[in-house]
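For reference, the structure discussed in these notes is given below.
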Amino acid sequence: AKVTGSGKVVHYTGHMRADADRAVTLGAELQGAVERDELVLRFQPIWPVGASTPDGLEVLVRWNHPTLGLLGPDRFVAVAERTGTIGAIGHWVLREAVSQLAAWRTELGPAADELHVAVNLSVRQLQDPTLVDEVAAMLGDAGVPADRLYLEVTESLLVREGDRAGATLHRLRELGVTLSIDDFGTGYSSLATLQRLPVQQLKIDRSFVLGLGDDPSRLPFVRAIVGLADALDLDVVAEGVESDADLQAVAALGCAHAQGFGLGRPVPARDVPALLTQRVPA
Ligand code: C2E
Ligand code: CA
Ligand code: CA
Ligand code: CA
């Protein structure tokens, strides 16, 4: 049994023990996953509200585990954070995303001119003094303009690391990279955080957006975030748009961008060109 911070005693069940063992095993197996080529990327479209093609793709990592199959980030990113493997994984994801974007730019020409990729950054990457030079080198090698790379940092990470990560974020911004605050509305950032850090976009956490069309009590929260973004001249993305009603609600509130299963699930790279060149039925 273990006493938690709140003084509550938690008895480990066999189940929890098995989960812990599995996490340790996964952590060890994750060590060579990049070298063994076991990681794959999915790309989820981000749409200007009302547009017929997306202008961004969020890059989402998966682990093609030899026996367990395709694992989502919720199964291994936290483990990778704890063991440090997230450094190698994050590096691979960035390089792969940037070179994939370069390939689409060559293949699709004007249809991909305005396209950006949005990569999630972990806390370890933000603390890594070599990150900025690595990003600059990746963009240079691939010939991708810096403003076509968006980096997403969660609001809670910014609140915890904002002071230490501030210099890195400013250097990334000087490079021309676009910075986005992920899961906005869940991390208690202050207006001072927004004023201090060079961010260009807020992504409204999906807990505020999911079911918005059917639950008017959430409207004021989204309206307030959109108002804040407008006042600060920041772009805003509503995450977790699952239904037409959700989409209509975020459109009526003036969200510039939307993302969610209702607009497009994460897809493999080979499915992206069709998203950019086919007109979706209105
Ligand atoms: P996130 O950054 O908030 O990414 C969005 C997650 O929400 C994705 O799950 C996506 O599939 C899911 N999603 C998108 N639209 C909807 C919707 O309409 N409804 C619902 N219920 N879910 C939706 P995924 O791919 O499982 O990623 C989970 C989290 O893992 C991400 O949350 C992100 O924090 C983390 N992650 C993913 N890829 C990376 C990575 O390369 N590096 C790091 N550090 N973290 C990553
Ligand atoms: Ca994200
Ligand atoms: Ca590094
Ligand atoms: Ca998010």
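At full extension, Ser99 and Glu174 could sit 24.9 nm farther apart than now, given 0.36 nm per residue minus the alpha carbon distance. Length gained on full extension, Asp147 to Asp74: 23.4 nm, using 0.36 nm per residue less the C-alpha separation. With a simple spin-label model that places each label point 7 Å from the Cα along the Cα-to-Cβ direction, the separation between Asp163 and Asp19 comes to 3.3 nm. The fraction of all Cα pairs in the chain landing in successive 10 Å bins from 0 to the largest distance is 6, 26, 33, 25, 8, 1, 0, given as whole percents. Contact order for the stretch 150-282, expressed relative to its length and based on alpha carbon pairs under 8 Å spaced 6+ residues apart, stands at 19 percent. Packing, as the average of other Cβ atoms within 10 Å across residues, places the peptides 235-243, 157-165, 34-42, 120-128 in the order 235-243, 120-128, 157-165, 34-42, highest first.
For Asp230 and Thr277, a Förster radius of 45 Å and the Cβ-Cβ distance give a FRET efficiency of 0.90, rounded to the nearest 0.05. Rounded to 0.05, the FRET efficiency of the Asp113 and Leu219 pair, given R0 = 51 Å and the Cβ-Cβ distance, is 0.90. Its Cα centre serving as origin, the stretch 46-154 has a Cβ charge dipole (Lys and Arg +1, Asp and Glu -1) of approximately 380 debye. In whole percents, the pair-distance distribution calculated for the stretch 95-164 from its alpha-carbon pairs, binned every 10 Å from zero, is 19, 47, 25, 9, 0.
Taking max minus min of the alpha-carbon positions on each principal axis, the stretch 180-282 gives extents of 42, 31, 20 Å, largest first. Could you list log10 I(q)/I(0) for the stretch 111-152 at q = 0.27 Å⁻¹, which the Debye formula gives when each Cα is one point scatterer? Those come out to -1.04, one per q.
For the pair Ala136 and Ser243, the difference between a 0.36 nm per residue extended length and the Cα-Cα distance amounts to 34.7 nm.
The peptide list 83-91, 139-147, put in order of mean Cβ contacts within 10 Å with the highest first, becomes 83-91, 139-147. Under a model in which nothing but the beta-carbon of Lys, Arg (+1) and Asp, Glu (-1) is charged, the chain shows a dipole of about 660 debye around its Cα centre.
By the helix-only formula, in which each DSSP H run with n ≥ 4 contributes -39500 (n - 2.57) and the sum is divided by residues, the chain has a 222 nm mean residue ellipticity of -14000 deg cm²/dmol.
For the peptides 270-277, 75-82, the ranking by packing is 75-82, 270-277, with the highest mean count of neighbouring Cβ atoms within 10 Å listed first. Its alpha carbons give the stretch 180-226 an Rg and a Dmax of 11.6, 36 Å.
All other residues whose Cβ lies under 14 angstrom from that of Glu134 are scored, Lys and Arg at +1 and Asp and Glu at -1, for a net of -1. Each Lys and Arg adds +1 at its Cβ and each Asp and Glu adds -1 at its Cβ; summed about the Cα centre, the stretch 177-226 shows a dipole of about 180 debye.
Read the figures in this text as sums done on the coordinates, not as results from a lab. Keep in mind that what you see is a predicted model, and the values were worked out from it rather than measured. Cβ: placed from backbone, ideal geometry, glycine included. Neighbour counts: every protein chain shown.
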